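*Asks:* Would you mind keeping the following structure in view while I ask a few things?
The values are calculated or read from the model by the stated rules, or taken from the named source; none is laboratory data. Model, not experiment: these values are computed from the prediction. We place every Cβ from the backbone using ideal geometry, glycine too, and count neighbours over all the protein chains shown. Keep in mind that these areas ignore ligands, DNA and RNA; they rest on the heavy atoms of the full protein, side chains included. Shrake-Rupley method; radii C 1.70, N 1.55, O 1.52, S 1.80 Å.
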Amino acid sequence: MLNENIIKQIRDYADKNNVPIMMDEGINYLTNYILENGVKRILEVGTAIGYSAIMMCGVNSDITVTTIERDEKRYLEAVKNIKKMELEDRIDLIYNDALEVNLDGTYDLIFIDAAKAQNIKFFEKFENNLNDNGTIITDNMNFHGLVDKEISEIESRNLRQLVRKVKNYKDFLNYNERYETVFLDIGDGLAVSKKRK
Ligand code: SAH
Ligand code: MG
């Protein structure tokens, strides 16, 4: 069982420091998915301060997570949090840009929750590490509700670019012949992609 006090401290830290950790609805979906599908080995792209990695580990004592973070401050905070939770044996934390990381292992679940503009690259890189019955889940598919808006309605140019990228990723998933994807209106929007048989 996870220590609820420490979990609360991690959530408070995220709140105060604007760290975009998963919302309750999303994390509940994810942990249920792990439980119901007997997921054991997880790869996460985008650790932030370790919140989702810790929550996923909390489902069962035989779950392991490999998770990647490129921001030093967040990485260091994640190291602290994982230590506090005594999950150092089960969470392998990698400090690097995910696109530079090459992994040999295979995973039952790959959770993509990093730079939204790079989702296609993350998917294409790490699908090589997915088990045949594995699933890739991507967070923030609604991009704070902006994906449903007309691009021309969005004022900031940077934001328009990002929203375009999220839409491109949606198309990439929709037209992907190897994967079947379901989009769920949970939290900030999840994409659940499974290999076609
Ligand atoms: N999954 C976390 C939240 C992740 S927030 C949770 O729910 O608790 C997204 C994180 O991805 C940020 O901390 C950001 O620094 C990291 N990130 C973005 N692009 C990355 C990349 N290319 N490689 C590694 N980390 C990346
Ligand atoms: Mg997210």
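*Asks:* Using a 1.4 angstrom probe on heavy atoms only, work out the carbon and sulfur share of the accessible area of the chain in %.
*Replies:* Accessible surface attributable to carbon and sulfur in the chain totals 43 percent.
*Asks:* Rounded to the nearest whole Å², what accessible area per residue is found for segment 92-176 with the 1.4 Å probe?
*Replies:* With all protein chains present, segment 92-176 gives 53 Å² per residue.
*Asks:* Using every alpha carbon pair in the chain, what percent of pairs falls into each 10 Å bin from 0 up to the bin containing the largest distance?
*Replies:* Histogram of Cα-Cα distances, whole percents per bin: 9, 37, 38, 15, 2.
*Asks:* Quote the accessible area belonging to LEU103 in square angstrom, nearest 10, computed with a 1.4 Å probe and with ligands, DNA and RNA left uncounted.
*Replies:* 40
*Asks:* A further question on this structure: Could you sort the peptides 72-82, 27-37, 4-14 by per-residue average Cβ neighbour count (10 Å cutoff), highest mean leading?
*Replies:* So the order, starting with the most tightly packed, is 72-82, 27-37, 4-14.
*Asks:* Next question. Going toward the positive end of the dipole of segment 4-195, with +1 on Lys and Arg Cβ and -1 on Asp and Glu Cβ, which of THR66, SER152, VAL19 do you reach last?
*Replies:* It is SER152, whose Cα lies furthest towards the positive end.
*Asks:* Positive end of the charge dipole of segment 4-195 (Lys, Arg +1 and Asp, Glu -1 on Cβ, about the Cα centre): tell me which of GLY134, TYR51, GLN161 has its Cα farthest that way.
*Replies:* GLN161
*Asks:* Please arrange GLU25, GLU177 by accessible surface area, largest first, computed with a 1.4 Å probe and ligands excluded.
*Replies:* Sorted descending by solvent-accessible area, the residues read GLU177, GLU25.
*Asks:* With only Lys, Arg, Asp and Glu charged, each at its Cβ (+1 for the first two, -1 for the last two), find how big the charge dipole of segment 4-195 is about the Cα centre; round to the nearest 20 debye.
*Replies:* 400
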